[in-house]
Amino acid sequence: MQRRLSLRVSLIILVSVAVVTVCVAITAITFRMSSNTARKAASTAFSDVVMQTHGQIDALMSSTLTIAELGASLRDVGRPPSRDALEHPAFVTMSRMLRVDASVYSVFVGRADGGFFQLIALRGEARIAERLRAPAGTAFVGRTISVENGVRRQDWVYLKDTGGVVARRVAAEVDYDPRERPWFQDAVMGHGAVLSRAYVFNSSMTLGMTASRVIPGGGAVFGVDVTLSGLSRYISSLKVSPNARIYVFDDGLSLLAASDPIARHADGLAGSDPGRAQLTRMLREGKTEAPVFVAGDDKRRIAATSTWIGPE
């Protein structure tokens, strides 16, 4: 069962008013010095990490939107898929998209008649491979939903890294309809490439975001899925202090990424970390940017937030 996270929004590329906000929060800098000195040190560290994190988010979202724009322009990309994913006219180019950008989980095309073509990169993720029933040696998974005389059929093909076929499978039933998905509906209603709110992907049950765009002439939508696990890995690599924590969450306070491995598996900002609770209060009260002291355990801490606004 898919679980949507908060309300979805769309970032319309090249429009001056951006409507996606992601808050980058830094907390748990242990108070070991005087108040003024600690505040100045925290502000400096906070500014450095915010700048780096904002840049990483910009790069991730901008590249995703660009791929959606390019994919929608591919020749014959909206052609009705057959039962064999390897026969799709855009198969080679879409495979290259997965190889070039490691943050991309899948690329796909959904048609107005319910047809669907998707390529997925496993990237060594055992949990995703198990969910997709991928045999050992699988690097990429192809999925097609073909429509013949109004009947929809779903076929899977499992591919080696070299492109060779590992196995094929026909699904007993078709439980997926691209026309019902928010990424399809948002693209049809929008102008240019649009970016979804973070949600759990149907095929892998992993958290990510989708950029999508209607192909020229209509009739189909090209989409790109990116997971947010790479963002967690990136902010985990940022060294603020031994006791620092970095969280990235949307404007509905749904957690998207975290430097703390335990926090990544928690629901929202709930938890025992007093800094996380303070961040929730700060955001709900509209307090951002300026570091504040946090109490609640045997250590005094400093917490601060910053808002990321999507590219115009």
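The values are calculated or read from the model by the stated rules, or taken from the named source; none is laboratory data. These numbers were taken from a predicted model, which means no experiment stands behind them. Here Cβ is always computed from backbone atoms with ideal geometry, including for glycine, and neighbour counts include all displayed protein chains.
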By residue number, the members of the stretch 218-233 that are at pLDDT 90 or above, in contact with a Lys or Arg (Cβ under 8 Å, 6 or more places away or on another chain) and more than 19 Å from Leu98 (Cα to Cα) are Gly219, Ala220
What number of residues within the stretch 174-185 satisfy the criterion of being in contact (Cβ under 8 Å) with a residue 12 or more places away in the chain and outside any loop (DSSP other than H, G, I, E, B)? 5
Taking Val100 as the residue in question, decide whether it is touching a helix residue (DSSP H, G or I) at 6+ places or on another chain (Cβ under 7 Å) and at pLDDT below 95. no
Find the residue count for the stretch 137-173, including only residues that are touching a residue at least 12 places away in the same chain (Cβ under 8 Å), within 27 Å of the chain's Cα centre (by Cα) and surrounded by fewer than 16 Cβ atoms within 10 Å (Cβ to Cβ). 5
In the stretch 65-155, which strands (runs of 3 or more DSSP E) lie fully inside it and hold 1 or more residues that are under 17 Å from Arg213 (Cβ atoms)? 104-111, 116-121
Test: residue in the stretch 124-134 that is at pLDDT 95 or above and closer than 23 Å to Leu65 by Cβ: no
With respect to the numbered conditions (1) at pLDDT 95 or above; (2) assigned to a helix (DSSP H, G or I), which one is the sole condition not fulfilled by Ser236? (1)
Identify the single condition in (1) more than 17 Å from Val226 (Cβ to Cβ); (2) at pLDDT below 50; (3) among the β-branched types (Val, Ile, Thr) that Thr44 does not satisfy, given that it satisfies every other one. (2)
From (1) over 20 Å from Gly142 (Cβ atoms); (2) in contact with a Ser or Thr (Cβ under 9 Å, 6 or more places away or on another chain); (3) surrounded by fewer than 22 Cβ atoms within 10 Å (Cβ to Cβ); (4) modelled with pLDDT of 90 or more, pick out the condition that doesn't hold for Ile215. (1)
